Amino acid sequence: MVQQALDGSPPTEGVVAHRAAANVTTPARSRGEIALIALAFLVAGALLVVPVALIFAFALREGLGAYFSSIAEPTTLHAIGLTVLTAVVVVPVNILVGVCIAWLVSRFRFPGRQVLITIVELPAAVSPIVAGTVYLFLYGGQGLLGPALQGAGIQLMFTVTAIILVSLFVTAPFVARELIPLMQQQGTEDEEAALSLGANGWQMFWFVTLPNIRWAILYGAILTNARVMGEFGAVSVVSGSIRGQTNTLPLQISQLFNDFNVTGAFAAASTLTLMALLTVVLKSALEARAGWR
């Protein structure tokens, strides 16, 4: 506008866009739209916000001293540490496996490809308790491979190893399910161009493929981490729920409730809730960053 006033030149595209945006008015919302928005916030508050608030209210009802004392209880600290350890092991493994499967499925055609996709989806369709029972019948003392393992001096069930194995199973699909449709949509043109310019396989993946899928990998990793920390059914079957040894945080919460230790249970639950909220915040931040890009 200033330029046009000074030298008589026509307005630039930016000025035209600014004028157009200034002239656009947002239509007023109807009463029905306002009612639906209010209902959505009401339902979300009743089903999500209120329960979370109650967790912290019950955890803190005896004061901060009792709250931190409950969290500092040795078995609860061990449960927190075991939960974090399981996530630290499971998430990188499933990222690696998910990337490999997504690469294989989206970049190659081979007999059994659809069967592989179905197998990847299988853990999401199987109940976690069923998954834990299958592992118990397979590797337990009376299971299919149990006697052979015991003969070799190896015990898998009711150990930390069993928790990690079953957590790997139930969280296996998350990264691959995020990557496969994205990589299929992107196609292979960028990789083919890199190969034609002399890049080897590793250079092609590191400098071309990975930058295009990094946000999907992070998103799948966050979902995997959230599921690992909150998994109860499968872990409860294979862990034995031994206090101070094989109790993850969800199992510890359940046992504290069964012991009528309400403050301790809600204190542990609030810790798990904080972990979940941190995961949600990180997920939202990554989504916003990916959308901004």
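The values are calculated or read from the model by the stated rules, or taken from the named source; none is laboratory data. Owing to the predicted nature of the structure, the values given are computational and were not obtained by experimental measurement. Counting neighbours? That spans all protein chains shown, and the Cβs are built from the backbone with ideal geometry, glycine included. With ligands, DNA and RNA removed, areas are computed over all heavy atoms of the protein, side chains included. Shrake-Rupley method; radii C 1.70, N 1.55, O 1.52, S 1.80 Å.
Values computed for the structure shown
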{"quantity": "Scope the range 256-288; condition open to solvent by 70 Å² or more (accessible area, probe 1.4 Å) and either modelled with pLDDT of 90 or more or assigned to a loop (DSSP other than H, G, I, E, B) (or both); matching residues", "calculated": "Phe257, Asn258, Asp259, Phe260, Leu274"}
{"quantity": "Of all residues making up the range 215-226, the number that are farther than 13 Å from Leu282 by Cβ and either modelled with pLDDT of 95 or more or surrounded by fewer than 22 Cβ atoms within 10 Å (Cβ to Cβ) (or both)", "calculated": "1"}
{"quantity": "Where Glu192 falls short, out of the listed (1) part of a helix (DSSP H, G or I); (2) in contact (Cβ under 8 Å) with a residue 60 or more places away in the chain; (3) charged (D, E, K, R)", "calculated": "(2)"}
{"quantity": "Residue among Ser106, Ser127 that alone is over 20 Å from Leu256 (Cβ atoms), of a type in the set (Gly, Ala, Ser), loosely packed, with under 14 Cβ neighbours inside 10 Å and touching a residue at least 24 places away in the same chain (Cβ under 8 Å)", "calculated": "Ser127"}
{"quantity": "Where a residue in the range 198-211 is more than 13 Å from Thr188 (Cα to Cα) and outside any helix (DSSP H, G or I) and its partner, wherever it lies, is β-branched (Val, Ile, Thr) and open to solvent by less than 40 Å² (accessible area, probe 1.4 Å), with Cβ under 8 Å and at least six apart", "calculated": "Ala199/Val208"}
{"quantity": "Residue match in the range 252-273 (condition: more than 30 Å from Leu64 (Cβ to Cβ) and of a type in the set (S, T, N, Q))", "calculated": "no"}
{"quantity": "Matching helices (runs of 4 or more DSSP H) fully within the range 30-125 where at least 3 residues are at pLDDT 95 or above", "calculated": "74-107"}
{"quantity": "Candidate set from the range 150-183 (those that are at pLDDT below 90 and not in a loop (DSSP other than H, G, I, E, B)); member that is nearest to Ile222 (Cα to Cα)", "calculated": "Gln150"}
{"quantity": "Members of the range 158-181 found to be surrounded by fewer than 23 Cβ atoms within 10 Å (Cβ to Cβ) and polar (S, T, N, Q), listed by number", "calculated": "Thr159, Thr161"}
{"quantity": "The listed residue being touching a Leu at 6+ places or on another chain (Cβ under 9 Å) and over 30 Å from Glu189 (Cβ atoms), out of Leu116, Leu122, Leu145, Leu136", "calculated": "Leu145"}
{"quantity": "Candidates Leu48, Leu96 - the one that is among the hydrophobic types (A, V, I, L, M, F, W, C) and either open to solvent by less than 40 Å² (accessible area, probe 1.4 Å) or over 30 Å from Gln184 (Cβ atoms) (or both)", "calculated": "Leu48"}
{"quantity": "Whichever residue in the range 60-93 is open to solvent by less than 70 Å² (accessible area, probe 1.4 Å) and polar (S, T, N, Q) and, among such residues, is farthest from Thr263 (Cα to Cα)", "calculated": "Thr86"}
{"quantity": "Sole residue being loosely packed, with under 14 Cβ neighbours inside 10 Å, touching a residue at least 12 places away in the same chain (Cβ under 8 Å) and not small (Gly, Ala, Ser), chosen from Gln114, Gln142, Gln184", "calculated": "Gln184"}
{"quantity": "Candidates Ile242, Ile253, filtered to the one that is modelled with pLDDT under 90 and either over 22 Å from the mean Cα position of the chain (by Cα) or buried (at least 20 other Cβ atoms within 10 Å of the Cβ) (or both)", "calculated": "Ile242"}
{"quantity": "Residue list for the range 79-124, filter: under 26 Å from Phe158 (Cβ atoms) and β-branched (Val, Ile, Thr)", "calculated": "Ile80, Thr83, Val84, Thr86, Val88, Val89, Val90, Val91, Val93, Val97"}
